[in-house]
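Okay, so here's the structure we're looking at.
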Amino acid sequence: MAELERLEHQLELARRALAMISDGATAARLLAFGNDIGARIERLKAECLEGATRRRAYQLWEKAGRPCGRDREFWLRAEREVLGGSDDLSGG
């Protein structure tokens, strides 16, 4: 998460600087830089979400006795928990 915080900080600094720049070429380069950082932030958030979902789905699968053929069920439940911010990671 440190990388995410660093990128969000860079994006905020770029936005502040953009408001003070009057040179069009410099503003365009800074805007492109900001857009690149924004895209990197979105990718990183998606990776974090997928990792958290994967870990939770594995926990649910293990707790259920490692049944075959129910991977989608565990993934969807884990996804709901992660997206919903459920603190109940015990599965109960």
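Taking each residue as 0.36 nm, the span from ALA32 to GLU12 lengthens on full extension beyond its C-alpha to C-alpha distance by 5.8 nm.
State whether the range 37-80 is rounded, prolate or oblate according to the following rule on the C-alpha gyration tensor (a ≥ b ≥ c being the square roots of its eigenvalues): a/c under 1.5 gives rounded; otherwise a/b larger than b/c gives prolate, and the remaining case gives oblate. Here the range 37-80 falls in the prolate category.
Once both labels are positioned 7 Å from their Cα atoms along Cα-to-Cβ, the gap between MET20 and LEU49 label points is 3.4 nm. Placing a label point 7 Å from the Cα of LEU4 along the Cα-to-Cβ direction, the residues of the range 45-63 with a backbone N closer than 12 Å are 45-53.
For the chain, the set of GluC sites (Glu not before Pro) satisfying both a DSSP loop assignment and a count of at most 13 other C-beta atoms within 10 Å is empty. Think of the chain as a dipole: +1 on every Lys or Arg Cβ, -1 on every Asp or Glu Cβ, centred on the Cα centre; then among PHE33, LEU11, THR53, THR53 lies furthest on the positive end. Placing +1 on the Cβ of every Lys and Arg and -1 on the Cβ of every Asp and Glu, with nothing else charged, gives the chain a dipole about its Cα centre of roughly 220 debye. Distance distribution P(r), the chain, all Cα-Cα pairs, bin width 5 angstrom from 0: 2, 13, 17, 14, 11, 9, 9, 8, 7, 5, 3, 1, 0 percent.
No lab work stands behind these numbers, since they all come straight from the coordinates. These numbers were taken from a predicted model, which means no experiment stands behind them. Heads up, the Cβs are rebuilt from the backbone with ideal geometry, glycines too, and the neighbour counts pull from every protein chain shown.
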